[in-house]
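**Student:** Before anything else, here's the structure in question.
The values are calculated or read from the model by the stated rules, or taken from the named source; none is laboratory data. Everything numeric here is computed off the predicted structure, so don't read it as measured data. Don't worry about glycine lacking a Cβ; one is built from the backbone with ideal geometry, like all the others, and counts go over all protein chains shown. Areas reflect the complete protein model, heavy atoms only, side chains present, ligands, DNA and RNA absent. Shrake-Rupley method; radii C 1.70, N 1.55, O 1.52, S 1.80 Å.
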Amino acid sequence: MYSLTLTADERRAFDWVGSRYNSGKVADLLLDCIPEDQEWGDDADITFHIPEHVAWKINELAEDEDYSWACFAPALVAKLNDLCWGIV
């Protein structure tokens, strides 16, 4: 199991990019990993608990776009790439 904590602003970045890049598919995967007592649009940080097979899917989607995470701030790019590169 892998963990990824996203702030409300970081989740809004996913919403803003939408499905123009693979990040839209990543958001869909993350929605399946959201804790039951939270919602994507909450103002609080959300820690997603990501099963290994989902983490590999996220990595494949990122790799397809050379881990560029188009339109995301550098801090969010680093956070997402740390997740991908930490998969064992």
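**Student:** Keeping the other protein chains in place, figure out the carbon and sulfur percent of the accessible area of region 26-88, with a 1.4 Å probe.
**Tutor:** Numbers: 1850 of 3640 Å².
Ligands and nucleic acids excluded, carbon and sulfur reach 51 percent.
**Student:** What base-10 log of the normalised intensity I(q)/I(0) is obtained for the chain from the Debye formula, alpha carbons as equal point scatterers, at q = 0.13, 0.15 Å⁻¹?
**Tutor:** -0.36, -0.48
**Student:** Across all directions of projection, what mean area in square nanometres is found for the Cα convex hull of region 28-77?
**Tutor:** Numbers: hull surface 16.5 nm².
Across all orientations, region 28-77 yields a mean hull projection of 4.1 nm².
**Student:** Determine the sum of side-chain charges near Glu65: Lys and Arg each +1, Asp and Glu each -1, restricted to other residues whose C-beta is under 13 angstrom from that of Glu65. Write down the numbers at each step before the final one.
**Tutor:** Working: positive: Arg20, Lys25; negative: Glu60, Glu63, Asp64, Asp66.
The answer is -2.
**Student:** Within 14 Å, Cβ to Cβ, of Ser23, how many net charges do the neighbouring residues add up to if Lys/Arg are +1 and Asp/Glu are -1?
**Tutor:** Result for the neighbourhood of Ser23: -2.
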